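One structure is given below, encoded as structure tokens.
Values in this text are rule-based calculations from the coordinates and carry no lab data. Every value quoted in this text rests on a predicted model; they were computed, and no experiment measured them. Ideal geometry is used to build each Cβ from the backbone, glycine not excepted, and the neighbour counts take in all protein chains shown.
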Amino acid sequence: MSGERHCTVMFVRYPEKGRVKSRLAAAFDAGFVCALYEAFVKDLLATLAGCGRPFRIAFTPAEREADIRRLFGRHDSFPQRGADLGERMRNALQDCFAEGFASAVIIGSDIPDLPPELLAEAAAALADHDAVLGPALDGGYYLIGFRQETLVPEVFAGIAWGSGEVFAETMARLARAGSRVCVLDRLRDVDTPEDLRDLIARHRETPFVRSRTMACLTAGPAPGAPGRPGGA
């Protein structure tokens, strides 16, 4: 699949206190959590920029467009549209296809160390698969994609988003549609303090140690916050 005909869409929420990473916000200072989420997004944008393929930011809320651009740069972007996550993802894919892309994938912003090799694998898989899916350890997925002619809208409707059955239910619906699916490596979303400790442990001696995310984690929460992510 030609890189120019394939697009990656990253879903991003403006990092406002109390509106991002709720499970981390329950354990750490809200300002720290916002700074950490901002670092996640910036690290992922650096990864996307280094892949050499077109990408877009699908952001929410729509009224924070100017703030999104100020914080994350003037990348090609558009507001998320829809009543729930499924409708927003379906609309984002259809927007990419309307723009002229032959295939597109959506990623979240919960895995700051997402390997660029997996993004390349997802793009290549859509040359001879109808769909591509990246399962997460919590039962959800971190990536979903289709070719224009193989989109299955049913996988985005009536799903219990946030539950541990999202990946399994999506696979079942793709099977019923007769889709040929490429399943990527299973990865761990960073949603909880335990996830953060795992992220730190995995990257003490990798190039990701120089990332914005790791710099933020090294600095730690604001004074008075309950504990440090690394358990120190």
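Data overview
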| read-out | value |
| --- | --- |
| Surrounding net charge for residue 158, when Lys and Arg each add one and Asp and Glu each subtract one, Cβ distance under 14 Å | -2 |
| Dipole of the chain [Lys/Arg +1, Asp/Glu -1 at C-beta], most positive-end residue of 184, 211, 82 | 211 |
| Spin-label pair residue 127/residue 192, simplified geometry with 7 Å Cα→Cβ offset, distance in nm | 4.0 |
| Antiparallel DSSP beta bridges within the chain, as percent of all bridges there, nearest 5 | 35 |
| Rounded FRET efficiency, nearest 0.05, which uses the C-beta distance separating residue 205 from residue 16 and R0 of 45 Å | 0.85 |
| Residue-averaged 222 nm ellipticity for the chain, from DSSP H runs of 4+ at -39500 (n - 2.57), nearest 500 | -11500 deg cm²/dmol |
| Cα-centred dipole magnitude for the range 3-219, charges only on beta-carbon of K, R (+1) and D, E (-1), debye, nearest 20 | 400 |
| Which of 160, 127, 170, positive extreme of dipole for the range 114-213 (C-beta unit charges) | 127 |
| Prolate/oblate/rounded call for the range 1-79, Cα gyration tensor, a/c under 1.5 rounded | prolate |
| Among 115, 57, 199 the positive-end extreme of the charge dipole of the range 3-219 (Cβ point charges) | 57 |
| Cα long-axis angle, helix 85-99 against the chain (0 to 90 degrees, to the nearest 10) | 60 |
| Largest-first principal axis extents of the Cα set of the chain (Å) | 53, 35, 35 |
| Computed over the range 158-199, Kirkwood Rh from alpha-carbon pairs, angstrom | 12.4 |
| For the range 94-135: rounded, prolate or oblate by the Cα gyration tensor [a/c cutoff 1.5] | oblate |
| Loop trypsin sites (Lys or Arg not before Pro), the range 1-96, which have at most 14 other Cβ atoms in a 10 Å radius of their Cβ (DSSP) | 17, 74 |
